[in-house]
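What follows is a short report on a single structure.
Readers should treat all values here as calculations from the given coordinates under stated rules, not as data from a laboratory. All values reported here derive from a predicted model rather than from experimental measurement. All Cβ positions, even for glycine, are placed from backbone atoms using ideal geometry, and neighbour counts span all protein chains on display.
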Amino acid sequence: MEEQVTERMVIRASPAYCYQVLTDFERYPEWAADIKAVSIDERDDEGRPVQVTFRAAAFGRSTSYTLRYDYSGAPTTLSWEQVSGDVTRRLDGSYDIYPSDDGSADITYHLVVDLRVPLPVFVKRRAEGRITYTALKELKARVEI
């Protein structure tokens, strides 16, 4: 069963800088606690990573998944679809990044998750909420230096 979760946060940094940090996948292990390793599998003609494999801590174990990124909405939207995953069938999402009134970044994170392993609904919802909230909280800590 798949569901979409959404989390929104205002971050005191420019939208352009937030987008830059979000697309610097190789540095995710420096600031995203659950991301243990990242490899860039494919780049587009502009040198941007379009297919990226992540190794992460999830549900008390190590998991890996590969995402394919779409830059057609750049620089206000960064979206992706899962290509493969060992725990997830689907891990698709996007960051929508807009300037707030004071020039900060107003970021909304959308995530659709479909797990291969059945979990009780309350456990799955808690995990989904943790993923989106933690991702934005860790991004905030990274860019608000």
Legend entry - Calculated over the chain: convex hull of Cα atoms, volume per residue (Å³): 102
Legend entry - Contact order relative to length of segment 3-143, as percent, for alpha carbon pairs under 8 angstrom and 6 or more apart: 29
Legend entry - GNM flexibility winner over the chain from Arg90, Arg61, Arg27 (Cα, springs under 10 Å): Arg61
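Among 105-118, 62-75, what's the highest-first ranking by average C-beta atoms within 10 angstrom per residue? Present the calculation step by step, with values, prior to reporting the outcome.
Working: 105-118: 17.4, 62-75: 15.6.
Per-residue Cβ counts within 10 Å, averaged per peptide and sorted highest first, yield 105-118, 62-75.
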Legend entry - Neighbour net charge for Ser79 - beta-carbon separation under 15 angstrom, K R +1, D E -1: -2
Legend entry - Bins of 5 Å from zero: percent of alpha-carbon pairs in segment 59-113: 5, 19, 21, 18, 15, 11, 7, 3, 0
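Loop only per DSSP, at most 10 neighbouring Cβ atoms within 10 Å: give me the GluC sites (Glu not before Pro) in segment 1-105, ordered by residue number.
Glu46
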